[in-house]
Structures are given as C-alpha cells and as structure tokens.
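Readers should treat all values here as calculations from the given coordinates under stated rules, not as data from a laboratory. As the structure is a computational prediction, the values presented were derived from the model and not from experiment. Using ideal geometry, Cβ is built from the backbone for each residue, glycine included, and neighbour counts are taken over all protein chains shown.
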Amino acid sequence: MLIMLSVDIVTYCCLVFFLFRRRMAKSFGAGRTVRVQVVTRTSSWFLRMSNTLNPHHLKIHVSHTQVSSDILKNAQQAAQEKINRELFVGNTPPGTSEMLLLQFLNGAMRRVNLCGPHETPILNCRVNSKFAFIELVNPEMANKALNLNGIPFLGAVLKVSRPSKYAGPPVPTKTWQELTGQALPAGAVLDAEQEKINRELFVGNTTPEMTEQMLREFLGNAMEQVGLNVMAGNPITACRVSGKFAFIELRTPQEAANALNLNNIPFMGTQLRVGRPSKWNGPPDNHGNWEDILAKYMSGELQAGNTAPGQGAAAMHAAAAAASEPAPSRVVELQNMLSDDDLVNEEEYNDIMEDTREECGQYGQLVSVIIPRAGEPGATKIFLEYSSNDDAAKAIKGLQGRTFDGRRVQASYFDETKFAKKEFS
C-alpha cells in the first residue's frame, strides 16, 4: 500500500511538471526557449527558469536607448534656446512690479520699431530686489531687446545685458541713448562697474611703511596744490594698499585722468608710478609726469584754481620735503621724543635707553640704539639700527604719529653711511 502511494505521488508530480512546461511554452511563444530544471533539496521541489532572447528583443532594447538619447539632446537644446531668449535687467528701482516692467519694456520696443506695432516680444518677467530677468519670444528678438540698455525707468537707468550663463557670440547693439538720441539723465551712470574703473588708478613702487591714509593725503594734497582737482577738497575718496602697490579711487573720471600727471612724484625716498589699472580698456591718455606739472606750476603756466590762498605753497613745501627723504635703510631716526632736560640726569637717561630697547624691539631684531647726549650732534634724537630694512619699515609704521609725553613722534629712515660715521647732525 505504501509503495503504491509513493508511485502515485511521483506520477502526479511528473504530470504537474509536464502541464507547467506546456503552459510556459504557450506563454512565451516559439521565439523564446524555456528550460525548467527539477532540483531535489531536502524533500522540496524548486523550479528554475532561464530565458533566451531572440534578435527581435535586442532591437527593441537598442531602439529604446536611442529614444532616450534623443530626448536628452532635445532637452539640452530647449534649455540653451531658453538662455538665448533671456536677458538680464539690472538697476531696477525698489518695489518694481513684474507687470509694470513687462508692459514698459514691451511698449518701448514697439515705440522705437524694435518689433511690430502689435507684437508682444517679451513673454515673461521675473523681478528680484535690484534686478530682473525677461524672456522673449525668440533669440532674434532678444538680440534686438539689447538695444534697451540705458533706458530711463522711474528715475533709474536700466542695464540690459546677457545673463552670465549665456555662451553665444556677441551681437552688435546700441544703447538707448544712441538709438533714440535721448541724453542720459544728469548724474546717471549707465555702467557702474565701468564707471568705477574709469575713476580708479594704479600706484606702483610703494614701500611697506606707506599707509592708506598717508598715500591718500599726500597724493590728494599734491593734486590740490597744482589745480588737478575739479572741485574743492581731497579728490581721492579711497585707497587700498597691497605690498608694493596700491589703488586709489578718485571722485570723478576727469580727476582720475588729471591724477595721471602725478606719475614719478617723489615720496618717502621713492618715485611713485601712477597709471591706469590693467582692466582699463579706454583710449590712451595724453598726460605728463610730475616733473612737467611742477615746472608748469612754478613758472605760473599752471594755476591752482581750486586751492585756498597759501595752501598751494604749503603743499609745494610738503612735496619738496617728501622728495628729500632718504631711501629705505636699516636705520630709523626718531624725532620729537626727547628734550635736553631728559638727557641731563644719568639715571633718567638709562631708563630712556632701557624703555626704548624694550618698546622698539617688538618691531624686529634691534642691533643697536644710539641716543646722543646733551650737547652732542643729534641730541634729542633716537637712532635705531635693525637687522633688516623690513624690520625698520615695521618700526616706522608702528611709531610714526604716536604721542610721547604730549609730543607727536616723527619716524623716518636714516642714511646707514652717516650712521656708521656717527654723523647725527
């Protein structure tokens, strides 16, 4: 009985396997071969199926890949086409609404025939706090809309240009003023960045002890003394020092052009080079050097029209004094720190020597300190010898202008040859 039951079970399983194979063959068709393996594992049956694709299925797969590539390519082209239709609008007044700007610019394009009288070339507008983006119907219309650059709007002058992500070729355009003959509003600036470049100058051959305030005051006074400024006051509004060069910013482009005549002006033992910065792309300037301007001023050919009486002569003396200053060295001369009375008492003299070493030693390596006695050449002066010019420059920068016992300290370089010979007078 048990043997017959086992045979019936095996017969039943074989029948199920046969019917399963026929069903799978009908489902997949003649083009696909189905292999079924019967695996015995701990009294359990497992079916494994492996499919073999024919060339038809492979073609379908390749076709799907080609379609995906075409979709990606079309999406990239559409994104680039949108960039070509988009323009940046800068300098928008606060509170500008998208609808107002959209209607204004569309009307402006119709008014100067950049589009048809009934066309709406600008489709969309997105406004931020100080700028906006407009989207036009096609790239050709975007090229025409570039001619709106400089159009006055609610007291401002709009800057219309390509967005930063635009990578196409430049297109010849005009400004709104060139297109219409309308003058730029008084005091308005079409390109603020370019206008700043027009007011900026490079100053080369500076030394480490020159501070921003020193350069600004010296060069500003020099301009005022010979009438290179166009209005009263210091024409230099800002100064940035960086190592061996600096940049100065003038009030107006005209004063910047005038300041080019400061080239080769002597200051603190060196001659400053004054010129246009590397990003300047304007026409060549016709100017002279400081020697030329000074000669014209001294001969009366050049008048200081914006200088108060007496200021021109005072500035001339200041320039002459700056020109006579010694070149950088390792020796620093300090003046206006001591009086004759300070040098009489031996104990007080030693205290001054000790305090000077301690205070001035923080700027670099001190080699020696010389304080001439009362009645000796150079009395009331202090001479500091450092191991390098750089340390001396740090000392001048740190000590110049400081107050000592109610007196303003003067720090400057001293000739090393004279120092070695002890010629302190």
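Worth a mention:
- Distance between modelled label sites at PHE202 and GLN182, nm, 7 Å Cα→Cβ extension: 3.9
- With K and R counted +1 and D and E -1, the other residues having a Cβ less than 15 Å from that of ALA78 yield a net charge of 0.
- Dipole magnitude for segment 80-228: about 580 debye, using +1 per Lys or Arg Cβ and -1 per Asp or Glu Cβ, origin at the Cα centre.
- Residue-span extension gain [ASN124 to SER278] - 0.36 nm each, minus C-alpha spacing: 51.6 nm
- Separation of segment 337-366 and segment 86-109, taken as the distance between their Cα centroids, equals 70 angstrom.
- Virtual spin-label span in nm between ALA238 and ASP390, 7 Å along Cα→Cβ: 3.0
- Partner lysines for LYS82 [C-alpha distance under 29 Å; skip if fewer than 8 residues away on the same chain]: LYS73, LYS130, LYS144, LYS159, LYS165, LYS174
- Nearest-0.05 FRET efficiency for GLU376 and VAL112, computed from C-beta distance (R0 60 Å): 0.10
- Distance in nm between pseudo-label sites at ASP341 and ALA78 (7 Å out along the Cβ direction from Cα): 9.1
- Neighbours of ILE236, meaning other residues whose beta-carbon lies under 12 angstrom from its beta-carbon, give a summed charge of -2 when Lys and Arg score +1 and Asp and Glu score -1.
- For segment 215-255, trypsin sites (Lys or Arg not before Pro) meeting the loop criterion (DSSP other than H, G, I, E, B) and having at most 15 other Cβ atoms within 10 Å: LYS244.
- Proximal lysines to LYS394, defined as alpha-carbon separation beneath 16 angstrom and excluding residues fewer than eight positions away on the same chain: LYS244
- Computing FRET efficiency as 1/(1 + (r/R0)^6) for ASP355 and GLU291, where r is the C-beta to C-beta distance and R0 is 41 Å, gives about 0.40.
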